Amino acid sequence: MDAGIIVVIVFAGLIFAGLVALLLLLPCKAYFTALFSGCFISPFRAISMRLRKLDVLQIVSAYILAKKAHLGINIFDIETILVSGGHPANIVEGMIASKSAKIDFSFDFAKAIDISGMDVLGVVRECVNPKVIEMPLITSVAQDNIEVNVKISLTLKVNLKNFLTGVTDETISARAVEAVVTKIANTARASDLVSSPQLIDKAIFDAGVDAESKYELVSADVIHADLGNDRGFPADKEKIEKNRMIMSNQLEQRRLVAVAVEQEMRAKEAEMRARQAEKEIEVPKALIEAIKSGKIKDAVDYYKIQNLQADTEMRRQLLDKKNPNNRNGF
């Protein structure tokens with residue numbers, strides 16, 4: 001066989017083997033997606049990303065979005081974002097939204113937002129739609145010792161200049177509460193604040209609650225303001241409470257005395273019944289002696305006397321039930 005033919009065959013075999021190896025290593029889905037989208041990517045670049053175990057399809061998808069939106073971001077920038085732990089698709093979508101809203105979002109600023117753990121698209125939405133924070137009820141006491149109850153809402157918009165380093169909206173809320181409490185405490189009459197709630201708004205702005213913050217205060221609105229309790233008579237309240245405790249102690253002392261007297265009466269009654277029982281024991285003996293001595297003819301006369309006494313006692317008890325005021329004894 002001619003040497004030239006052999007060389008051609010070997011050369012063709014090497015080319016075929018190279019093409020096979022290229023197809024095996026090339027992330028075909030991502031490569032052809034970019035190719036047919038009009039965003040050419042070098043096959044060797046795609047193979048390089050695959051060999052480094054990067055998500056080639058994610059990089060390509062973000063690159064296509066950036067290319068279509070004319071953001072001026074190349075494939076190397078997007079690859080860098082993914083390598084550093086960022087989210088290329090979120091950054092590109094956020095920059096597209098900022099461009100549509102005519103907000104000055106640089107690529108580095110978007111990357112910084114994403115690396116800090118925030119959603120770039122969410123930040124853009126906050127720039128377009130200000131955040132409204134409704135504060136809980138604030139209660140403080142004016143100089144006339146009358147409470148003022150105030151409820152306010154804060155409207156904040158993103159301050160791009162301090163967004164990455166400024167304080168959060170929680171700090172702004174705390175500063176606003178402090179400003180309201182201070183204003184109420186320095187007011188001579190509580191009714192002045194209720195009739196002119198704009199004084200509270202002005203106090204919040206004058207306090208500079210949004211200084212060095214990632215948000216800018218747009219407005220502070222008083223939702224509700226009314227008067228609370230009068231704290232001007234603490235001495236009278238203490239006196240009333242002291243008198244109440246004294247009366248309570250006196251009533252308790254009287255109750256204990258009454259209980260002691262009742263126990264004493266019950267003890268005396270029990271003693272009298274014991275004595276009566278002792279005397280009743282002597283009745284049979286006395287009856288025998290009376291019969292022997294002739295004072296009583298027989299036991300029948302004794303029992304007649306007993307029946308008469310019992311009948312008298314029964315009539316007395318019936319009268320006591322009808323008229324309790326006539327009771328005698330214990």
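The values are calculated or read from the model by the stated rules, or taken from the named source; none is laboratory data. Nothing here was measured: the structure is a model prediction, and the numbers come from that model. When we count neighbours, we look across all protein chains shown, and the Cβ atoms used for this are built from the backbone with ideal geometry, even at glycine.
The set of residues in segment 82-109 being in a helix (DSSP H, G or I), among the aliphatic types (A, V, I, L, M) and either outside the structural domain of R50 (by TED's automatic domain parsing) or closer than 21 Å to T165 by Cα (or both) consists of I91, M95. If the condition is being of a type in the set (S, T, N, Q), assigned to a helix (DSSP H, G or I) and touching a residue at least 40 places away in the same chain (Cβ under 8 Å), then segment 144-190 contributes T171, S173. Exactly one residue among L65, L71 is modelled with pLDDT of 80 or more, part of a loop (DSSP other than H, G, I, E, B), more than 30 Å from A174 (Cβ to Cβ) and not assigned by TED's automatic domain parsing to the domain that holds A176, and that residue is L71. Of note, S219 does not satisfy the criterion of being farther than 25 Å from T171 by Cβ and assigned by TED's automatic domain parsing to the domain that holds E147.
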